[in-house]
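The values are calculated or read from the model by the stated rules, or taken from the named source; none is laboratory data. All values derive from a computational prediction rather than experimental measurement. Using ideal geometry, Cβ is built from the backbone for each residue, glycine included, and neighbour counts are taken over all protein chains shown.
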Number of protein chains: 2
Amino acid sequence: MISKSMEELVAGSSVIRALFEEGKQMAAKVGAENVYDYSLGNPSVPAPASVNAAFCQVLAEEDSLFVHGYMNNAGYEDVRETVAASLNRRFGTDFTGDGIVMTVGAAGGLNTVLRTLLDPGDEVICFAPFFGEYTNYIKNFGGVPVVIPADTRTFQLNLDALDKAVNQRTKALIVNNPNNPSGVIYSADTLKKLQAILEAAEKRTGHPIYVISDEPYRELAYDGVQVPFMSLYIKNCIIGYSFSKSLSLPGERIGYLAVPKAVDGYRELMDGLTVAGRILGFVNAPSLQQRMIKRCIDEPTDVEAYDKNRRFLYDSLTEMGFECIRPQGAFYLFMKSPTADEKIFVAEGKKHHILMVPASSFGCPGYVRLAYCVSYDMIQRSMPAFKALAETYFG
Amino acid sequence: MISKSMEELVAGSSVIRALFEEGKQMAAKVGAENVYDYSLGNPSVPAPASVNAAFCQVLAEEDSLFVHGYMNNAGYEDVRETVAASLNRRFGTDFTGDGIVMTVGAAGGLNTVLRTLLDPGDEVICFAPFFGEYTNYIKNFGGVPVVIPADTRTFQLNLDALDKAVNQRTKALIVNNPNNPSGVIYSADTLKKLQAILEAAEKRTGHPIYVISDEPYRELAYDGVQVPFMSLYIKNCIIGYSFSKSLSLPGERIGYLAVPKAVDGYRELMDGLTVAGRILGFVNAPSLQQRMIKRCIDEPTDVEAYDKNRRFLYDSLTEMGFECIRPQGAFYLFMKSPTADEKIFVAEGKKHHILMVPASSFGCPGYVRLAYCVSYDMIQRSMPAFKALAETYFG
């Protein structure tokens, strides 16, 4: 009754739902305070007070028909100009409001880009480890995901493998910086090398290869590490952003696409993005959220709580003997499974009421992901459970 | 650089943009008050005061992490139950919260349904005249739109033609009640006959044929006419609703899908819709809008202004000699073009600064659409222009 592709996806989704249900059952049995749920990337830091204040100000001060009505499908012009100006101030770029499309979160933005670019059979490259939804987004429009295996030495982009994978059907790459699930930030050096490879590939194939830069974690960086701004390194890039993590608004579905004037086919692309957003049924990013963003665009992100969690969790687990990638960004800790099949390790963790996500779902088997956007208190309480788990393997 | 299908769509869209630009140029030349723009379906009645009050109450009274955070992809459970209970109270139905999916407007909901149902090559039937975006929504996922020509005698569903068009590849029909652009309401009698045809077709083909009922104009009915509630007549129906028109919130992107428990493959369908909404990048309907809807679900729609416009416009134009369908619902007047090619008539209208949409874009050449969700004042001011236009043809 439903489509064949959807049947498979529903079957796949029920694995995640099973994990969620298992957690609920565990909580019912042993008490919610004794379940250590590291599975979800849902911010634990509340939105800044200025966000709610801005919402109320918009409702009180701006005209109702304007606030709740249709606008250009790409978004309110003043909001788009505010976003462009903020980017230009922060990164020395030269975006204009015309190059900004307000979107229903980053996920809405990525789907809009892929609908614009892909003919059935076109290939899109993902670098493992990657956010599992990318392959679904690509397949929505008949695209073919091509997965580049992880460079598990550095967790930077595996550029040698990329060079071999690019061909005539390659339309785009998706790069997630900082990376979910690894917590790694791709360096300026990596991006320079990426640009060199793409330039050669574009000459070889005779068409642009777009880097779709998925940046919902852009503001979440630690230890003073800077996230290199994509358009300063990559010519044909399309930047997807979301305020879900930086302002703790994942339910509000507000983000944007930013396209530098210098990309090949700029005008064609902008027109395509606007039409694609409309015909996919987004029509426009929620209007009230757009008006709020205009007032909150330079609100700083509160990374302190996540940083405290990060340091404590990383230090504690490595001390116990677990091998972890030190996270530089986002709010995920990537840990090597002490068993080759990480699903066995995840099952072992559940015995201690620890919920982790096996990284096979991120194209990187042998690892697990821990989301530390949880309370510091829960992390502390989970330590005896991790110690017991460590003893199973190292003790 | 962009996909072939998108190239065509961008080319098509620029026709509408051209109309918009023409209007702007006209306004610059003759003054905005002398341009009579009947082209856009953007509500002119502001949202009820209770909507803004509810937004502020949600922000003041509910927990910030809850209001702005992720919830079940199908929406907050209490909001879904509120929607189901409201439908049941009003229509004597038996929806449960489980059968409701909160969506990014009706357009988001329709795309979610089509992504769930369609394998490439599957056919979806549209009844002319129809909202032009339907064919784009269907093609997003490789579906094939099949257009049933209008029954220009009654503008009810052309059921004889439908019966011949249904075949093994028919997955669904889209029915828009009240209809944009005709303003007609499909009667209970029409829906009963439709169900009989579908029942026979389902037996013949061996699979369910879903009626996707697009109902953004459900609350906009005049002259005491009742809009028959789809699930009381059609077994395999999926109802798509939006608060865009009923509460004048088109920019806010909030609506829902309602699926009766009795539809074939109910569980499979609900699971598919939830996954489809997620992977298309909607993820969930904007959270703040969902919380607001819980408080405003029974807010009545203010149809008085539209009704006044409708009666004045219909009476005046018919008196001048134009042939119009008397609108029973929505906020559109459908007018027969005095010339066989309605584009010539539309061009003639522009000479008098009247902007109308040629109904070729709704699959119904020979007619034009006038959106009367404008100010009463503008309608009055436009009368001499219409009179002059009438004289060209009848005088």
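Computed quantities for the displayed model
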{"quantity": "Single match in A:D298, A:D223 (criterion: away from every other protein chain (no Cβ under 13 Å) and at positive phi)", "calculated": "A:D223"}
{"quantity": "Test: residue in the range A:147-160 that is without any contact (Cβ under 8 Å) to a residue 40 or more places away in the chain, buried (at least 20 other Cβ atoms within 10 Å of the Cβ) and either closer than 30 Å to A:D271 by Cα or touching a Ser or Thr at 6+ places or on another chain (Cβ under 9 Å) (or both)", "calculated": "yes"}
{"quantity": "B:V101 vs. criteria in a strand (DSSP E or B), under 12 Å from B:G143 (Cα atoms) and of a type in the set (A, V, I, L, M)", "calculated": "no"}
{"quantity": "Number of positions in the range B:1-59 that are over 27 Å from A:I279 (Cβ atoms), assigned to a helix (DSSP H, G or I) and touching a residue at least 60 places away in the same chain (Cβ under 8 Å)", "calculated": "11"}
{"quantity": "Those residues of the range B:48-57 which are facing chain A (nearest Cβ under 9 Å) and either surrounded by 17 or more Cβ atoms within 10 Å (Cβ to Cβ) or in contact with a helix residue (DSSP H, G or I) (Cβ under 8 Å, 6 or more places away or on another chain) (or both), in sequence order", "calculated": "B:V51, B:N52, B:F55, B:C56"}
{"quantity": "Cβ pairs under 6 Å, 6+ apart, first in the range B:88-102 and in contact (Cβ under 8 Å) with a residue 40 or more places away in the chain, second β-branched (V, I, T)", "calculated": "B:G99/B:V259; B:I100/B:V83"}
{"quantity": "In the range B:313-340, the residues that are more than 13 Å from B:L370 (Cα to Cα) and assigned to a helix (DSSP H, G or I)", "calculated": "B:D315, B:S316, B:T318, B:E319, B:M320"}
{"quantity": "Total residues in the range A:214-230, condition of a type in the set (S, T, Y) and crowded, with 24+ Cβ neighbours inside 10 Å", "calculated": "1"}
{"quantity": "Count of the range B:234-246 residues which are touching a helix residue (DSSP H, G or I) at 6+ places or on another chain (Cβ under 6 Å) and part of a loop (DSSP other than H, G, I, E, B)", "calculated": "2"}
{"quantity": "Of all residues making up the range A:95-124, the number that are more than 10 Å from chain B (Cβ to nearest Cβ) and surrounded by fewer than 24 Cβ atoms within 10 Å (Cβ to Cβ)", "calculated": "6"}
{"quantity": "Looking only at the range A:244-265, and only at residues there that are touching a residue at least 60 places away in the same chain (Cβ under 8 Å) and among the hydrophobic types (A, V, I, L, M, F, W, C), the one that is farthest from A:L110 (Cα to Cα)", "calculated": "A:L247"}
{"quantity": "Test result for A:T135, outside any helix (DSSP H, G or I), at pLDDT 95 or above and either hydroxyl-bearing (S, T, Y) or in contact with an Asp or Glu (Cβ under 8 Å, 6 or more places away or on another chain) (or both)", "calculated": "no"}
{"quantity": "Only one of A:V368, A:V346 that is free of Cβ contacts under 8 Å to residues at least 24 places away in the same chain and within 24 Å of A:M26 (Cα to Cα)", "calculated": "A:V346"}
{"quantity": "The range B:23-47 - residue that is surrounded by 14 or more Cβ atoms within 10 Å (Cβ to Cβ) and over 21 Å from the mean Cα position of the chain (by Cα) and, of those, nearest to the other protein chains (Cβ to nearest Cβ)", "calculated": "B:G23"}
{"quantity": "Some residue of the range A:78-93 being touching a Pro at 6+ places or on another chain (Cβ under 7 Å), more than 14 Å from chain B (Cβ to nearest Cβ) and surrounded by 21 or more Cβ atoms within 10 Å (Cβ to Cβ)", "calculated": "no"}
{"quantity": "Selected residue (criterion: nearest to the other protein chains (Cβ to nearest Cβ)) from residues of the range A:247-279 that are assigned to a loop (DSSP other than H, G, I, E, B) and touching a Leu at 6+ places or on another chain (Cβ under 7 Å)", "calculated": "A:V263"}
{"quantity": "Lone unmet requirement of (1) of a type in the set (A, V, I, L, M, F, W, C); (2) at negative phi; (3) buried (at least 18 other Cβ atoms within 10 Å of the Cβ) for A:V283", "calculated": "(2)"}
{"quantity": "Yes/no for A:D63 being without any contact (Cβ under 8 Å) to a residue 12 or more places away in the chain and either on the phi > 0 side of the Ramachandran plot or among the acidic types (D, E) (or both)", "calculated": "yes"}
{"quantity": "Residue tally, condition surrounded by 19 or more Cβ atoms within 10 Å (Cβ to Cβ) and more than 15 Å from B:I325 (Cβ to Cβ), over the range B:161-176", "calculated": "8"}
{"quantity": "Residue within the range B:344-359 that is within 21 Å of the chain's Cα centre (by Cα) and part of a helix (DSSP H, G or I) present", "calculated": "yes"}
{"quantity": "Exclusive hit being more than 27 Å from B:K245 (Cβ to Cβ), not assigned by TED's automatic domain parsing to the domain that holds B:G12 and not acidic (D, E), set B:G97, B:G132, B:G121, B:G143", "calculated": "B:G121"}
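So that you can scan it fast, the table gives a plain yes or no per residue for (1) surrounded by 17 or more Cβ atoms within 10 Å (Cβ to Cβ); (2) outside the structural domain of B:T135 (by TED's automatic domain parsing); (3) more than 21 Å from B:A150 (Cβ to Cβ):
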position: B:I354; (1), (2), (3): yes, yes, yes
position: B:P358; (1), (2), (3): yes, yes, no
position: B:F362; (1), (2), (3): yes, yes, no
position: B:S375; (1), (2), (3): no, yes, yes
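Residue-wise test of (1) β-branched (V, I, T); (2) touching a Leu at 6+ places or on another chain (Cβ under 8 Å); (3) assigned by TED's automatic domain parsing to the domain that holds A:L288.
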site: A:V15; (1), (2), (3): yes, no, no
site: A:Q25; (1), (2), (3): no, no, no
site: A:A32; (1), (2), (3): no, no, no
site: A:V35; (1), (2), (3): yes, yes, no
site: A:Y38; (1), (2), (3): no, yes, no
site: A:E61; (1), (2), (3): no, no, yes
site: A:N72; (1), (2), (3): no, no, yes
site: A:Y76; (1), (2), (3): no, no, yes
